[in-house]
1. Give me the dipole magnitude in Debye, nearest 20, for segment A:323-434 about the Cα centre, with unit charges on the beta carbon: positive for Lys and Arg, negative for Asp and Glu.
2. Taking θ = phi - 60°, what integer Hz values does the Karplus form 6.51 cos²θ - 1.76 cosθ + 1.60 yield along segment A:172-187, in sequence order, with x for Gly and Pro?
3. For the Cα atoms of chain A, what angle does the longest principal axis make with the long axis of helix A:89-102, in degrees from 0 to 90, nearest 10?
4. Sequence gap at least 6, Cα distance under 8 Å: using those rules, report the relative contact order of segment A:214-326 to the nearest whole percent.
5. Considering Cα pairs under 8 angstrom that are at least six residues apart, work out the relative contact order of chain A and quote it in whole percent.
6. With 10 angstrom as the radius, rank A:V260, B:V56 by how many other C-beta atoms surround their C-beta, starting from the fewest.
7. Let me know the shape class of segment A:29-137, please: from the alpha-carbon gyration tensor, a ≥ b ≥ c as square roots of the eigenvalues, rounded when a/c is under 1.5, otherwise prolate if a/b is greater than b/c, or oblate.
8. Listing A:R354, A:R390 from the residue with the fewest other Cβ atoms within 10 Å to the one with the most, what is the order?
Amino acid sequence: MNRVRIGNGCGFWGDNLDAPIRLAATGKLDYLTLEYLAELTMSILAVQKAKDPNVGFATDFIDVLSRFTSTLTLLPRLKIVTNAGGMNPHACAAAAREILTKGGLPEKTIAVVSGDDIMPQLDELIASGHELNHLDSGDPLSTIRSKVVSANVYLGAKPIVDALKLGADIVITGRVADASLTVAPAAYEFGWGFEASDLDRLAAATVAGHLIECGAQATGGLWINADDSTRLGNVGYPIAEMADDGTFTITKPHGTGGAVNIETISEQLLYEVADPAKYYTPDVVADFTTVRLQETGPDSVAVSGCKANGITDTYKVSIAYRDGYMAAGTLVIAGPHAVEKARESAAIFLERLRRAGFTFAASHVEVLGAGATVPGVLKADCDPPEVVLRIAMRDPNRASIERFTKEFAPLVTAGFPGTTGYTTGRPPVREVFAYWPALIAKSAVTPSVTLI
Amino acid sequence: MKLPLSKIAHGRSGDKGNHANVAVIAYTDAGFAWLRDKLTVEVVATYFAPLGATRVERFEAANVRGLNFVLYDALAGGASSSLRTDTQGKTLAAALLRMPFDVPADPEALVRPV
């Protein structure tokens, strides 16, 4: 194959449900990737799986697949690579198999990549010297061990390549690095290895994966200069067209909205990056500062020059642990003097909770409309006709948070004139899962591939 | 003379755990040279001081005329446990681009080409 076209139709769990199907139908793709797992999604899925062994994966994928089978019938060579497996890739694969059989595609080969979930071996690993210290603070995991709900290694592209070599049409993984969903198809199609001589090309594919992993963020979404002419209502999702030498072009299907240009690609290149010379993945350390961008046509940016900056002998581990409860609720406060009334309403609110004998580990008051999204940095320069008062609380004690959620409604009658917008009822209490990043030696982890 | 930073740069921001990154990308080579000199760690740290970052670090990506600022511990707990609306620092780039910024008397070479 001269060029391989990899399109990403989903940037996170919650992304547009029609995008994968539209992208596959019009993108002339060899591979469709679908990315579902944010840092904390795994903890939520782990709790679900603990209650029901048949869940714990990204159910949106099954929804997409069920409406996708007729399109798939017309695209017999299209392969799908997705991390929709979450905490339970085997259950996800079983659900996918059922959908495919019903849709008249029983011949599709599904592979499951697992081994990322190290929760079952966690104590064994700690005992054998893998301390899983917090990546920033250096604290040992033992300080929160009893509260841990999930621990997943970010696997790389290699087991996905193995799955493709076994003939998989659909690869369903648990936690893998987002960029590896793109690296794997390129490595498989071009026969790349994972040795020193392959690192620059792996780095290039990593850049491609990084650029398309957030879906429409590469094609006009979040672009600072987007306006009505950008037609984001019909935004096309991104395609990386890779060559064997590691050069590639980012584009999107013809006739769609959005934009692919130097600005959109530059913004996405630096999105969620620390040191751009060292972008760590399980496959390679990519140096984003070596990348050259060139507009080669409408909605077409050529990317070349990608270099690697080494490779590590560790995987990143994403650990989540129980850390109390939180809730957030809102009221609308209309003017005049909406900002002042909202601030005073918050003070009343907090006073009532104090009088009732409740304290909270953390609280946060926002007057949205008066510069609250970047607290203390931006200020309202007018008297807005109305603002949204938002109050959020966190505490180890669930009962305190429950009580907090019951203080919004009383302000509708006992607060200031212009208090309204209490339409959604008491805000829900949710459990907080805090994030604990760590590293683990690659040698301590065994990825596995199963055909089903 | 001052102009909003948005006249000479665009950008995007996001999160890595409890840290935020704010990428500022100049529209022109002259603009990048200017920002490299004037948009220092101190300027950005002072502007975002109310967020409570423990430190700010600046990285360069000259290939895209970019300066990437990392604001450590600036997200009040991050996506998992922050009580803020913007748990992931999505709005920080646009907020930084609103900053009135000193520019040369003739800023033509710095602003976005039409």
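Each reported figure results from applying straightforward, stated rules to the coordinates on display, with no laboratory input. Here the structure is a predicted model, which is why all the values come from computation and not from measurement. Positions of Cβ are generated from backbone atoms using ideal geometry, with glycine treated the same way; all protein chains shown enter the neighbour counts.
1. 340 debye
2. Result, ordered by residue: 10, 10, x, 6, 10, 4, 3, 5, 5, 4, 8, 4, 4, x, 5, 4 Hz.
3. 70 degrees
4. Worked out over segment A:214-326, it gives 23 percent.
5. Computed over chain A, the figure is 17 percent.
6. The fewest-first ordering by Cβ neighbours comes to B:V56, A:V260.
7. prolate
8. On the way: A:R354 11, A:R390 21.
Ascending Cβ contact count within 10 Å gives the list A:R354, A:R390.
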